[in-house]
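Engineer: Submitted below is the structure of interest, expressed as structure tokens.
Values quoted throughout were computed directly from the atomic coordinates according to the rules given, and no laboratory measurement underlies them. Keep in mind the model is a prediction, meaning the values are calculated, not measured. Glycine also receives a Cβ, built like all others from the backbone with ideal geometry; neighbour counts cover every protein chain displayed.
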Amino acid sequence: MPRASALLFIAIIASPALADPATTVREVRLMAEPFDDATVIATLSAGTTIETIGREGGWYEVNATDNRKGWLHMLGIGFGGNGQGAKGDGVASLFNLMRGGTGGQTVATGIRGLDSEDIRNASPDTAALAALDEYAAPVTSAQRFAAQGGLKATRVEHLAQPPDEETPSGE
């Protein structure tokens, strides 16, 4: 019995440390479920203080400071830094130290997209492309595999080339 009491005591003391304080890094939609097409509960402005209480894939379940509960996409949340309480004190700081080093900071990241400048400045990696050739399956193997899966060949015409953009006269 004393062991159960000790475990209950530790769980009660540590429970605040299990929720991570965070802030929104931009305006975000608080969703009813962890899906892009879920019902929007509210829109939170950048810098809103929240508490993460769970995670599912790329979504965090959160409590907002005004007691609204819902889901935010991970790319809209920042943990620690800027004095935003991620370091905590007491037991919370112990958990943060174990989780993220002396600063207690974690980062929610994702894959950034490419903009038009990235695409304009891109250059092919011919060595990587040549290395991919080693993974190519022989045509007869691919056809046999497709036939086993009930797939049929379909010819698809190339898309028409869009007309070149014309530059305004005088340039």
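Engineer: Grab the beta carbon distance between N121 and R68, set R0 = 45 Å, and tell me the FRET efficiency rounded to 0.05. Intermediate values should be presented prior to the final figure.
Structural biologist: Numbers: r = 43 Å, r/R0 = 0.95.
That pair, N121 with R68, gives E of 0.60.
Engineer: Please list 3J(HN,Hα) in residue order for the stretch 120-137, calculated via the Karplus relation 6.51 cos²θ - 1.76 cosθ + 1.60 where θ = phi - 60°; whole Hz, with x for glycine and proline.
Structural biologist: Result, rounded to whole Hz: 4, 8, 5, 9, x, 9, 5, 5, 5, 5, 5, 5, 5, 4, 5, 8, 5, 8.
Engineer: In whole Hz, with x marking every Gly and Pro, tabulate ³J(HN,Hα) for the stretch 33-44 from phi via Karplus 6.51 cos²θ - 1.76 cosθ + 1.60, θ = phi - 60°.
Structural biologist: For the stretch 33-44, the Karplus-derived couplings read 9, x, 9, 5, 9, 6, 5, 7, 7, 6, 10, 9 Hz, x marking Gly and Pro.
Engineer: Taking the Cα-to-Cβ direction at A131 and at Q161 and moving 7 Å from each Cα, how far apart do the two end points lie in nm?
Structural biologist: For A131 paired with Q161, the spin-label model returns 3.3 nm.
Engineer: Check I50: other-chain or 5+ apart residues with amide H under 5 Å from its amide H, H built from backbone geometry?
Structural biologist: Those qualifying (amide H under 5 Å, at least 5 residues apart or on another chain) are A22, T23, T24.
Engineer: Next up: Sort 131-137, 69-75, 151-157 for me by packing, meaning the mean count of neighbouring Cβ atoms within 10 Å per residue, highest on top.
Structural biologist: Going by the mean number of other Cβ atoms within 10 Å, highest first, we get 69-75, 131-137, 151-157.
Engineer: Report the gain in length on full extension from T140 to I41: 0.36 nm times residue separation, minus Cα-Cα distance, nm rounded to one decimal.
Structural biologist: Separation in residues times 0.36 nm, less the Cα-Cα distance, equals 30.3 nm.
Engineer: If you plug each phi of the stretch 147-159 into the Karplus form 6.51 cos²θ - 1.76 cosθ + 1.60 with θ = phi - 60°, what whole-Hz ³J(HN,Hα) values come out, in order, with x for Gly and Pro?
Structural biologist: Result, rounded to whole Hz: 5, 5, x, x, 8, 10, 6, 9, 7, 10, 6, 5, 6.
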